[in-house]
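Heads up, the thing below is written out as structure tokens.
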Amino acid sequence: MIQNLLAALRVELRGVVTTLICAAVAASAALVGVLFIAVAIFIWASDNYGRLTASLAMAAFFIVVAAIAATVLLVVQSKARKEAAQQAEKERLEKEEAAKNAPPAWLDPALIPTLLPIGIKAMQIGLKHRGILLALISSAAVGWAMLRERGKPDDGVDDTVAEQPAE
């Protein structure tokens, strides 16, 4: 099985290397072709307008080409940054939504093998020391009752303000 995977990887690697080599040769040939066209235009312009004018015209042409390439690069990078930010925001919202809809961590079935021995041991200790168990349960009940009492809304009567006697 691993041999099959390695063979497929070798085939893919050869294809990638071949593609890269062919692309490099094609790019080099295209660059040389553009340079020869630029030299031909320079020779023609220098014959018709003079060497100085032809040199300045060729320099201006290549500066304009560089400016266009730089502008295109900046626009593409800006667009890529915006898309990346949108994708990150979308992923963040999806994670928040998944976290909102996810069941509580204590309901995770993967925790059963971990929590079951702990629960069994706690029950054994609780059965052995019933007084501690009773104290824990009663303190939890009292705490719950106190929290519930604190959360009740007032009936609108303020006990701190005493009524003034009428004169």
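The values are calculated or read from the model by the stated rules, or taken from the named source; none is laboratory data. Treat the numbers as computed from the prediction; the structure is a model and nothing was measured. Backbone-built Cβ (ideal geometry, glycine too); neighbour counts: all protein chains shown. Side chains included, ligands, DNA and RNA excluded: accessible areas come from the protein's heavy atoms. Shrake-Rupley method; radii C 1.70, N 1.55, O 1.52, S 1.80 Å.
Assorted remarks:
- Residue match in the range 113-126 (condition: modelled with pLDDT under 85 and either of a type in the set (D, E, K, R) or assigned to a loop (DSSP other than H, G, I, E, B) (or both)): no
- Among the residues here, Phe36 qualifies as out of contact with any helix residue (DSSP H, G or I) (no Cβ under 9 Å at 6 or more places or on another chain) and either among the aromatic types (Phe, Trp, Tyr) or touching a residue at least 60 places away in the same chain (Cβ under 8 Å) (or both).
- Selected residue [in contact with a helix residue (DSSP H, G or I) (Cβ under 9 Å, 6 or more places away or on another chain), in a helix (DSSP H, G or I), of a type outside the set (A, V, I, L, M) and open to solvent by less than 70 Å² (accessible area, probe 1.4 Å)] from Ser46, Ser78: Ser46
- Any pair with Cβ under 9 angstrom, 6 or more apart, that starts in the range 44-67 at a residue that is over 18 Å from Val34 (Cβ atoms) and ends at one that is surrounded by fewer than 10 Cβ atoms within 10 Å (Cβ to Cβ): Ser46/Leu52
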